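Down below is the structure, laid out as structure tokens.
The values are calculated or read from the model by the stated rules, or taken from the named source; none is laboratory data. These numbers were taken from a predicted model, which means no experiment stands behind them. Cβ placement follows ideal geometry from the backbone for every residue including glycine, while neighbour counts extend to all protein chains displayed. Please note that ligands, DNA and RNA were not included when accessible areas were found on the heavy atoms of the full protein model with its side chains. Shrake-Rupley method; radii C 1.70, N 1.55, O 1.52, S 1.80 Å.
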Amino acid sequence: MALETEIKFKGADFDRVRTILLALSAERKGRWMERNLVFDDADRSLRRKGVLLRLRQDRSSVLTLKQPPAEEQEDVKVFQEHETIVQDFEAMRAILEGLGYTVAFRYEKVREEWAAGEVHVCLDEMPFGQFVELEGERVAILALARELGLPLDTSTTATYHALNQAWRKEEGLTPDENFVFESPPDV
């Protein structure tokens with residue numbers, strides 16, 4: 001079982017972050033479109049327990065289970081995370097549906113990934129904004145955030161799902177758990 005420790009920063013200037021990452025000799029891993037299906041049962045019991053069951057398709061297909069940890073950490077979001085690559089996206093979807101799960105919502109993002117020492121850096125374009133996500137050990141994440149000029153008062157530990165719902169409410173839009181691009185950005 002792996003622990004995923006991360007923090008997100010809203011509205012960061014991607015060009016500035018890229019310039020600093022290059023100066024830090026970070027390695028750019030690529031940029032791609034990511035499509036996600038989140039599964040739950042009819043009663044949404046997984047959501048009530050804080051559990052995420054996701055099937056993702058980007059450069060490969062990945063099944064992920066995220067569960068709340070035994071202990072929380074300050075300033076960062078932590079989940080127990082189990083992931084595995086699946087050979088056939090549609091077959092895995094059929095298996096999950098055969099077990100009684102349905103697609104609760106779907107979402108898309110364009111992700112640009114970097115490795116900066118021990119910290120995994122993602123520049124995420126969402127249909128509702130831009131975010132820098134840092135994942136790694138808490139101390140390393142916070143140190144890199146300072147180097148990148150990302151102030152903690154612009155950080156959040158909320159999920160993209162929660163951020164989408166908050167954005168829709170702020171904009172006076174109809175509630176919708178899905179967040180997909182009307183026209184996907186060029187990748």
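Which distance in nm do the two modelled labels at PHE181 and SER25 give, with both placed 7 Å along the Cα-to-Cβ direction?
Between PHE181 and SER25, the simple spin-label model gives 3.4 nm.
Mind listing which GluC sites (Glu not before Pro) in segment 19-80 are in a DSSP loop and have 15 or fewer other Cβ atoms within 10 Å?
GLU71, GLU72, GLU74
Would you kindly derive the ³J(HN,Hα) couplings of segment 84-95 from the backbone phi angles with the Karplus curve 6.51 cos²θ - 1.76 cosθ + 1.60 (θ = phi - 60°), listing them in order in whole Hz, with x for Gly and Pro?
With coefficients 6.51, -1.76 and 1.60, one gets 8, 6, 10, 6, 10, 4, 5, 5, 5, 4, 5, 4 Hz.
Enter the accessible area of HIS161 (Å², nearest 10), with the probe set to 1.4 Å and all protein chains included.
We get 30 Å² for HIS161.
Quick one: divide the alpha-carbon radius of gyration of segment 1-102 by 2.2 N^0.38 Å and tell me what you get.
Ratio of Cα Rg to 2.2 N^0.38 Å: 1.31.
Using only Cα atoms and rounding to the nearest 10 degrees, what angle (0 to 90) does helix 160-170 make with the longest principal axis of the chain?
With rounding to tens, the tilt is 90 degrees.
Sum up the lysine pairs in segment 1-129 that clear both bars: alpha-carbon distance under 21 Å and a spacing of 8 or more or different chains.
12
Which far-off residues, 5 or more places away or on another chain, put their amide H under 5 Å from the one on GLY117, with H placed in the peptide plane?
Residues meeting the criterion, in which the H sits 1.01 Å from N, are GLU27.
For a quick check, take a GNM of the chain with Cα springs below 10 Å and name the residue from MET126, MET33, MET92 with the largest mean-square fluctuation.
Of the options given, MET92 has the highest mean-square fluctuation.
For the chain, give the percent of accessible area contributed by carbon and sulfur heavy atoms, probe 1.4 Å, rounded to a whole number.
Looking at the chain in its full context, I get 48 percent from C and S.
To the nearest 10 degrees, how steep is helix 138-147 against the longest Cα principal axis of the chain, on a 0 to 90 scale?
It works out to around 50 degrees.
Work out, in µm²/s and without decimals, the Stokes-Einstein translational diffusion coefficient of segment 89-177 at 25 °C, 0.890 mPa s, Rh from Kirkwood over C-alpha pairs.
Approximately 158 µm²/s, per Stokes-Einstein.
Each residue of segment 18-32 in turn: what ³J(HN,Hα) in whole Hz from Karplus with 6.51, -1.76, 1.60 and θ = phi - 60°, glycine and Pro shown as x?
Values per residue, Gly and Pro as x: 4, 4, 5, 4, 5, 5, 8, 6, 5, 9, 7, 9, x, 9, 7 Hz.
Name the longest site-free stretch of the chain, where the excluded sites are trypsin sites (Lys or Arg not before Pro) in a DSSP loop with no more than 15 other beta-carbon atoms within 10 Å.
Excluding the exposed sites themselves, the longest stretch runs over 60-187.
What percent of all Cα-Cα pairs in the chain falls into each 5 Å bin, going from 0 up to the bin containing the maximum distance?
Result returned by the calculation: 1, 7, 14, 19, 21, 18, 11, 5, 2, 0.
Need one number: nm distance between label points at GLU171 and ASP75, each 7 Å from Cα along Cα→Cβ, rounded to one decimal.
About 3.1 nm, to one decimal.
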